[in-house]
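The values are calculated or read from the model by the stated rules, or taken from the named source; none is laboratory data. Note that the structure is a prediction, hence the values are computed from the model and not measured. All Cβ positions, glycine included, derive from the backbone under ideal geometry; neighbour counts span all protein chains shown. Just so you know, the surface numbers come from the protein's heavy atoms only, side chains and all, with ligands and any DNA or RNA stripped out. Shrake-Rupley method; radii C 1.70, N 1.55, O 1.52, S 1.80 Å.
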Amino acid sequence: MFDVLIIGGGVSSMSCALVLGSAQNKPFVIDKKIGVFTHQKNSSLQEALFNNAYGITPGKLGSELLSESTEHLSQEYPHIEQIPNEKVIKIEGEYPEFLITTNKNTYKTKIIVVGIGSANTFAIEGLTQYIEPHKKALPEKQRIQLKNIDHKVTEGIYVIGTLAGWRSQLAIAAGSGAAVATDILTVWNNGVQTHAHDSTR
């Protein structure tokens with residue numbers, strides 16, 4: 001049983017995983033099992049070029065970021081389980097016990113974070129009832145989002161990045177993933193507002 005499973009290997013999902021990973025020494029996180037599906041085949045980063053993202057050297061390719069982010073996660077936070085090459089097709093159950101079915105396996109988790117793109121080909125069974133037109137995308141692009149209030153779709157299910165209704169911008173996606181990570185840390189900390197960042201002190 002996972003405590004949280006993150007679906008997606010793009011910016012918002014990896015940002016969420018990194019923030020959760022950096023909280024590993026907090027007493028309420030030590031025993032938590034965290035996983036991320038790093039399926040990246042359809043990520044919009046595959047064709048991206050970054051010249052305007054804070055902290056990223058101009059000219060950085062999105063495809064480079066994809067591979068670097070999974071390596072970063074494995075080096076800094078190896079306790080977070082990366083699940084590559086699996087596509088989620090169905091979600092069943094309700095908080096605090098969900099069953100996630102992929103094209104290869106099934107997994108149990110208490111919390112789900114969905115961070116895949118906003119393409120209208122979205123077809124994860126168990127979440128399609130939350131689909132609505134994307135509120136910040138051009139109508140002709142036919143983008144979708146999942147209905148949510150402050151990233152929360154329903155109890156135990158969060159959505160991040162463009163699928164949460166945010167614009168397709170790296171900094172926005174990263175912030176969305178980090179925001180949900182701190183929301184989850186707050187839940188684990190019995191509702192006490194919590195965040196995680198490293199320091200030179």
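Counting just the residues of the range 109-137 that are in contact with a Phe, Trp or Tyr (Cβ under 8 Å, 6 or more places away or on another chain) and β-branched (Val, Ile, Thr), which one comes out nearest to Arg167 (Cα to Cα)? Per the stated criteria, the residue is Ile116.
Name the residues in the range 1-11 that are within 17 Å of Ala196 (Cβ to Cβ) and either modelled with pLDDT under 95 or open to solvent by less than 10 Å² (accessible area, probe 1.4 Å) (or both), would you? Within the range 1-11, Val4, Ile6 meet the criteria.
Any residue at all in the range 96-115 that's open to solvent by less than 70 Å² (accessible area, probe 1.4 Å), at pLDDT 95 or above, of a type in the set (Ser, Thr, Tyr) and over 25 Å from Ala196 (Cβ atoms)? Yes; the residues of the range 96-115 include at least one that is open to solvent by less than 70 Å² (accessible area, probe 1.4 Å), at pLDDT 95 or above, of a type in the set (Ser, Thr, Tyr) and over 25 Å from Ala196 (Cβ atoms). Among the residues of the range 17-49, those that are open to solvent by less than 70 Å² (accessible area, probe 1.4 Å), within 20 Å of Ile116 (Cβ to Cβ), touching a residue at least 40 places away in the same chain (Cβ under 8 Å) and not in a helix (DSSP H, G or I) comprise Ile34, Gly35, Val36, Phe37, Thr38, His39, Ser43, Ala48. When the residues of the range 137-152 are filtered to those that are among the aliphatic types (A, V, I, L, M) and assigned to a strand (DSSP E or B), the one that is surrounded by the fewest Cβ atoms within 10 Å (Cβ to Cβ) is Ile149.
Of note, Ile56 does not satisfy the criterion of being of a type in the set (A, V, I, L, M, F, W, C), more than 16 Å from the chain's Cα centre (by Cα), open to solvent by 70 Å² or more (accessible area, probe 1.4 Å) and within 28 Å of Thr194 (Cα to Cα).
The criterion of being part of a loop (DSSP other than H, G, I, E, B) and open to solvent by less than 90 Å² (accessible area, probe 1.4 Å) holds for Thr194.
Give the number of residues within the range 50-87 that are part of a loop (DSSP other than H, G, I, E, B), without any contact (Cβ under 8 Å) to a residue 12 or more places away in the chain and either charged (D, E, K, R) or closer than 17 Å to Ser12 by Cβ (or both).
Result for the range 50-87: 1.
Taking the criterion of being in contact with a strand residue (DSSP E or B) (Cβ under 9 Å, 6 or more places away or on another chain) and assigned to a loop (DSSP other than H, G, I, E, B), the residues of the range 153-182 that qualify are Glu155, Gly156, Ile160, Gly165, Trp166.
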